[in-house]
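Trainee: Sharing a structure, written as structure tokens. Questions coming.
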Amino acid sequence: MGSVLAASSPSPPPPAPGVAAVPGLTVPPGFAMPPVSSVVSPSEASAGRQQEAENPLPNPGAFDECHRKCKEIMPLQMEGVRLVVNKGLSNHFQVNHTLLLSTMGDSSYRFGTTYVGSKQMGPAEFFPVMVGDMDNSGSLNAQIIHQVSSRVRSKVAFQTQQNKVVNWQGDAEVRGEDFTATVTLGNPDVLAGSGVVVAHYLQSITPALALGGELVYHRRPGEEGSVTSLVGRYSGSNFIATLMLGSAGAHASYYHKASEQLQVGVEFEASSRMQDSSVTFGYQIDVPKANLQFKGSLDSNWIVGATVEKKLLPLPLSLVLCTFLNHNKNKFQCGFGVTIG
């Protein structure tokens with residue numbers, strides 16, 4: 001519910017490459033970042049230690065990232081053949097080409113661009129960030145992320161279908177010493193009196209415990225309503241447990257890092273509106289010496305999924321094989337991907 005676009009738009013395309021410091025964006029191999037100095041002066045180090053002593057509670061991070069670690073180890077469905085070519089044109093600009101060939105009749109081509117500014121806000125944080133991609137039908141997905149100040153970050157995202165804007169949203173995030181507050185406005189229409197407002201707040205109670213809430217208000221002609229949720233997250237040295245309860249249902253996840261090679265997670269989702277619930281178990285195995293990564297999942301609907309990724313170093317090339325089997329519907333999906341650059 002935290003993302004208005006995700007709730008009201010069709011399944012998004014593979015995420016465009018971007019900046020590692022921005023949630024949801026990654027830096028592909030070969031994309032150089034502006035140089036960063038690793039030298040910290042004694043006065044800056046002393047000031048940091050003094051600040052930690054005055055306020056020992058850490059910032060809890062963004063509300064939308066509460067279940068992120070558990071979701072990251074789950075395999076993603078892919079059907080058909082996908083070819084991705086990334087090309088870095090400079091330290092600040094990159095383009096990518098994505099070709100998807102599907103047996104379901106949804107073959108497409110996407111051209112994407114990524115621009116990273118020179119404003120440095122941290123060891124690996126550069127702003128503004130502009131990411132966008134357009135498919136062969138002219139539909140566009142784009143977002144602009146900018147660090148307005150040391151504590152305020154803003155984002156604008158929009159989606160079009162051919163020449164019509166179907167979704168757009170803007171949000172502002174404020175990060176304090178021990179809290180994060182976000183307000184998102186989606187698809188506002190003053191003349192029709194419609195739109196969606198989402199408010200998030202996450203507060204660190206102890207270094208390990210964070211509590212917060214979510215309020216979603218929507219309005220359109222003849223209808224309006226709101227949904228509230230409460231969330232709690234407890235983090236240990238190698239695990240994260242999160243529980244979200246609200247009038248729309250419940251969402252719980254548990255992530256555990258068993259070793260440097262093995263990560264496991266369990267996710268539970270229940271919807272009061274759909275009168276449905278599901279449990280998913282997932283794992284991720286990394287084999288650094290072989291440059292291999294395995295991901296697998298099994299849910300209560302008897303859907304089994306797995307992905308295998310192989311990096312062919314020192315070549316800038318990686319291969320991905322994905323399979324999903326739905327035992328209840330006797331449906332099998334298989335995908336193969338190649339990423340260059």
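The values are calculated or read from the model by the stated rules, or taken from the named source; none is laboratory data. Please read these numbers as outputs of a predicted model, since none were measured by experiment. Cβ placement follows ideal geometry from the backbone for every residue including glycine, while neighbour counts extend to all protein chains displayed. Quick note on the areas: whole protein, heavy atoms, side chains included, nothing else; ligands and nucleic acids left out. Shrake-Rupley method; radii C 1.70, N 1.55, O 1.52, S 1.80 Å.
Trainee: Can you tell me which residue within segment 151-192, out of those that are modelled with pLDDT of 90 or more and outside any strand (DSSP E or B), is least open to solvent (accessible area, probe 1.4 Å)?
Mentor: Taking the candidates together, the pick is GLY176.
Trainee: If you check GLU214 against the conditions, is it open to solvent by less than 50 Å² (accessible area, probe 1.4 Å), of a type outside the set (Val, Ile, Thr), more than 30 Å from ARG110 (Cβ to Cβ) and part of a strand (DSSP E or B)?
Mentor: yes
Trainee: Ok, one more. Write out, first by first residue and then by second, each pair whose Cβ atoms fall under 7 Å of each other, whose residues are 6+ apart or on separate chains, and whose first residue, in segment 212-233, is within 16 Å of LEU191 (Cα to Cα) while the second is in a strand (DSSP E or B) and of a type in the set (S, T, N, Q).
Mentor: So the pair list comes out as ARG219/SER194; ARG220/SER194; PRO221/SER194.
Trainee: Shifting gears a bit: When only residues in segment 111-150 that are in contact with a Phe, Trp or Tyr (Cβ under 8 Å, 6 or more places away or on another chain) and of a type in the set (Gly, Ala, Ser) count, which is modelled with the highest pLDDT?
Mentor: So the residue we want is ALA142.
Trainee: Here's a follow-up. Considering segment 196-210 alone, what residues qualify as being part of a strand (DSSP E or B) and either touching a helix residue (DSSP H, G or I) at 6+ places or on another chain (Cβ under 7 Å) or over 14 Å from THR228 (Cβ atoms) (or both)?
Mentor: Correct list: VAL196, VAL198, HIS200, LEU202, GLN203, SER204, LEU209, ALA210.
Trainee: Please enumerate the residues belonging to segment 242-266 that are of a type outside the set (Ser, Thr, Tyr), assigned to a strand (DSSP E or B) and under 23 Å from LEU215 (Cβ atoms).
Mentor: LEU243, MET244, LEU245, GLY246, GLY249, ALA250, HIS251, ALA252
Trainee: Would you mind stating whether THR103 is modelled with pLDDT under 95 and polar (S, T, N, Q)?
Mentor: Yes: the conditions hold for THR103.
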